[in-house]
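The values are calculated or read from the model by the stated rules, or taken from the named source; none is laboratory data. As the structure is a computational prediction, the values presented were derived from the model and not from experiment. Neighbour counts are summed over all protein chains in view; Cβ atoms, including those assigned to glycine, are modelled from backbone coordinates with ideal geometry.
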Amino acid sequence: MSATNNQVYDVAIIGGGAAGLSAALILARARRGVVVIDGGEPRNAPASAAHGLLGQEGVNPLVLLETGRNEAVSYGARIVQANVQHASGSADNGFAAALDDGSTIHADQVLIATGVQDELPAIPGLAERWGRDVVHCPYCHGWEIRDQRIGLLATGPMSAMQALLFHQWTDRMTFFPNGLDFPTEQLEKVRALGITVAPGTASGIEVVDDRLTAALMEDGSRVELDALAVPAKTHARLDGLEGLGLDVATNAMGVAVIADAAGHTSVPGVWAAGNVVNPAMQVSESASNGARVAMTINTEMVFARADRAVADDRARVGV
Ligand SMILES: Cc1cc2nc3c(=O)[nH]c(=O)nc-3n(C[C@H](O)[C@H](O)[C@H](O)COP(=O)(O)OP(=O)(O)OC[C@H]3O[C@@H](n4cnc5c(N)ncnc54)[C@H](O)[C@@H]3O)c2cc1C
């Protein structure tokens with residue numbers, strides 16, 4: 001089966017990051033008509049390198065995805081650079097995705113792999129440094145900022161535990177509760193590891209020569225830093241997909257699509273993979289999850305086809 005502009009695709013994948021492209025590769029190699037619709041803004045685009053990725057350690061995130069697109073296309077997948085503005089439909093009648101380039105894509109199944117939006121605290125300057133010296137993930141950035149003066153700006157109830165984690169990469173660690181209360185036993189662990197607890201509220205950051213140099217506090221004081229960890233809240237990217245009616249869950253990290261381990265969402269025929277389901281997934285995990293969900297999609301389509309063939313046979317012979 002080849003993919004053409006007018007066809008009803010077996011699967012439309014919305015989102016062409018690690019999860020979506022990995023799914024596309026599996027589905028194209030399974031001889032499915034597959035299209036990837038991608039807005040081209042992967043979550044880690046602000047970072048110059050993706051770390052912790054076996055065989056591709058330190059690769060530029062955009063180069064990785066370019067390679068992935070080429071691999072999927074080489075097996076017949078189609079890539080459309082656009083955003084879905086309105087998706088609707090059902091497993092019985094098929095799905096339609098209206099794109100911001102004016103075209104519409106039709107498919108029997110839809111895989112949502114749109115990732116998340118990171119929501120930073122409203123502190124001036126954080127967004128500009130995001131993915132550089134304002135970071136969220138020790139496994140992504142910890143090695144690069146090892147032994148430096150790292151601060152952790154609390155954003156929620158897990159933040160004290162995240163300060164303990166970042167301490168694995170440096171002895172020069174400052175925890176900013178930033179007005180939030182933490183259980184005494186958590187702060188006891190923080191202090192026992194030698195992490196400085198900075199009272200007060202952060203109001204800004206200081207940047208000199210394109211490098212973070214300090215956190216600025218509301219009382220006018222400054223705490224010298226080389227990097228600031230900010231556990232951002234995450235919000236599943238579902239703009240334009242509201243019409244599908246997916247169930248979502250709100251947890252300590254933010255909002256995520258509810259899906260089981262095989263990628264089934266609350267809506268038959270609509271699947272989900274990658275950060276949109278679990279924002280803690282790294283690139284390798286997102287790719288792996290996309291591949292696993294793609295295999296399940298293909299398998300269920302094979303079984304459904306066999307069921308239809310049996311029903312047709314029985315109808316023909318009148319049983
Ligand atoms: C700053 C930063 C650095 C990171 N560094 C690392 C690292 O070093 N190593 C690591 O393993 N992980 C890292 N991560 C995590 C990594 O970004 C995620 O694991 C990965 O991006 C998840 O892949 P995904 O396919 O689920 O989503 P994404 O990569 O975010 O891809 C989603 C895609 O869907 C598209 N999209 C969204 N909505 C629509 C729509 N309506 N229509 C069409 N397209 C749409 C987006 O434009 C995007 O291209 C980092 C994250 C951040 C924030």
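Among residues of region 155-182 that are in contact (Cβ under 8 Å) with a residue 24 or more places away in the chain, those with a Cβ under 7 angstrom from a residue that is part of a loop (DSSP other than H, G, I, E, B) and among the charged types (D, E, K, R), sequence gap 6+ or separate chain, pair up as 169/146; 170/146; 170/147; 172/149.
Among the residues examined, residue 148 does not qualify as more than 20 Å from the chain's Cα centre (by Cα) and either within 14 Å of the ligand (Cβ to nearest atom) or not assigned by TED's automatic domain parsing to the domain that holds residue 191 (or both). Restricting region 28-55 to residues that are within 16 Å of residue 76 (Cβ to Cβ) and not aliphatic (A, V, I, L, M), the residue that is surrounded by the fewest Cβ atoms within 10 Å (Cβ to Cβ) is 31.
Can you tell which of 163, 154, 113 is among the hydrophobic types (A, V, I, L, M, F, W, C), buried (at least 20 other Cβ atoms within 10 Å of the Cβ) and in the same structural domain as residue 271 (by TED's automatic domain parsing)?
Values: 163 fails: in the same structural domain as residue 271 (by TED's automatic domain parsing); 154 fails: in the same structural domain as residue 271 (by TED's automatic domain parsing).
Only one candidate passes the filter, namely 113.
Which one of these is within 12 Å of the ligand (Cβ to nearest atom), over 26 Å from residue 134 (Cβ atoms) and in contact with a Lys or Arg (Cβ under 9 Å, 6 or more places away or on another chain): 84, 36, 80, 11? Write out each step before concluding.
Values: 84 fails: in contact with a Lys or Arg (Cβ under 9 Å, 6 or more places away or on another chain); 80 fails: in contact with a Lys or Arg (Cβ under 9 Å, 6 or more places away or on another chain); 11 fails: within 12 Å of the ligand (Cβ to nearest atom).
Every option except 36 fails the conditions.
Cβ-Cβ distances below 9 Å connect the following pairs, each with a first residue in region 188-202 that is part of a loop (DSSP other than H, G, I, E, B), a second residue that is among the β-branched types (Val, Ile, Thr), and a separation of six or more residues or different chains: 195/174; 198/174; 198/223.
Please list, ordered by residue number, the strands (runs of 3 or more DSSP E) wholly in region 232-319 having 3 or more residues that are more than 15 Å from the ligand (Cβ to nearest atom). Steps first, answer last, please.
On the way: elements: 233-236, 248-251, 254-257, 270-272.
Answer list for region 232-319: 248-251.
Only one of the listed residues (61, 46, 42) is in contact with a Lys or Arg (Cβ under 8 Å, 6 or more places away or on another chain) and within 10 Å of the ligand (Cβ to nearest atom). That residue is 46.
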